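For reference, the structure is listed below as structure tokens.
Read-outs throughout are calculated quantities, based only on the coordinates presented, and are distinct from any laboratory measurement. This one's a predicted model, so the numbers in the text were calculated from it and none came from an experiment. Please note: Cβ atoms are built from the backbone with ideal geometry, for glycine as well, and neighbour counts cover all protein chains shown.
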Amino acid sequence: MVANDRREFQRLRLAKPILALLDGQNALILDIGISGAFVEHYGQSREGDRFMLLFKWKGSDVEFVCEAAHTMVIRKTGSADVSHSGLRFVQPVGDAEKLLNDMVATFVGKVLAAQKANAGAIEPSSSVALVDLGGARRARTRAFLTYRLRGGVWSREMTESSSQPKEGFTVAAYEDDEELESLCQAYEAADEEGRRLIQLVAALSARTVKKG
């Protein structure tokens, strides 16, 4: 997978692949995020091909219409090709988006907790609470907050873009100030991978902002 692909999709590297069905055939999800997945599957595909991806989370079906962003054959098994494909989520089926957000937030929380922040620092795992906050304010929130870390100093600005900055994070504008302060401390204490995961959780928050 190319480096900018992982940056674009903000995917979580899975320690244990998730069993899935890709157009009804067995597949393994190797990475997953809020916008796409990286999947090992049988057969060849082409950029732009569409598939149905189905997997389970907490006993419920999670299903998306997906589009191949890139793909390559990695080996041959008997008469079958085995490929790795980066898939974009195009359309959720039922509650798939809600279930996916819950799954990603849960996985990120476990990874960040396992990383163990430096002695005395706030654990980065506190950041996963973001996706559960601000329910009463969501309906009227249309903006985002971007926090940038430069030279050890944080800056904060209201923005109309949900993009994640190079150093820092962007969340929905309704998030609680105390939670965001904790998130800043968690970000400072985290390593490079931990910071990437914090941005992933921030992206979950930003995704709740209703457009229009």
Given 0.36 nm per residue, what is the gain on full extension from TYR42 to SER60 after removing their alpha carbon distance, in nm? 4.0 nm
Phi angles of segment 65-72, converted by Karplus (6.51 cos²θ - 1.76 cosθ + 1.60, θ = phi - 60°) into ³J(HN,Hα) in whole Hz with x for Gly and Pro, give 6, 10, 10, 6, 8, 6, 7, 7
Per residue of segment 12-25, in order, report the coupling 6.51 cos²θ - 1.76 cosθ + 1.60 (Karplus, θ = phi - 60°) as ³J(HN,Hα) in whole Hz, putting x for Gly and Pro. 9, 6, 8, 5, 10, x, 9, 5, 8, 10, 10, 6, x, 9
Taking a ≥ b ≥ c as the square roots of the eigenvalues of the Cα gyration tensor, with a/c under 1.5 meaning rounded and otherwise prolate when a/b exceeds b/c and oblate if not, segment 3-94 is rounded
Calculate, in nm to one decimal, what ASN26 and MET72 gain on full extension: separation in residues at 0.36 nm each, minus their alpha carbon distance. 14.8 nm
Please compute the modelled spin-label separation between ALA113 and ASP191, points set 7 Å along Cα→Cβ, answer in nm with one decimal. 2.0 nm
Residue exposure sequence - ASP31, ASP176 - by fewest surrounding Cβ within 10 Å: ASP176, ASP31
In whole angstrom, note down how far apart the Cα centers of segment 143-181 and segment 26-62 are. 31 Å
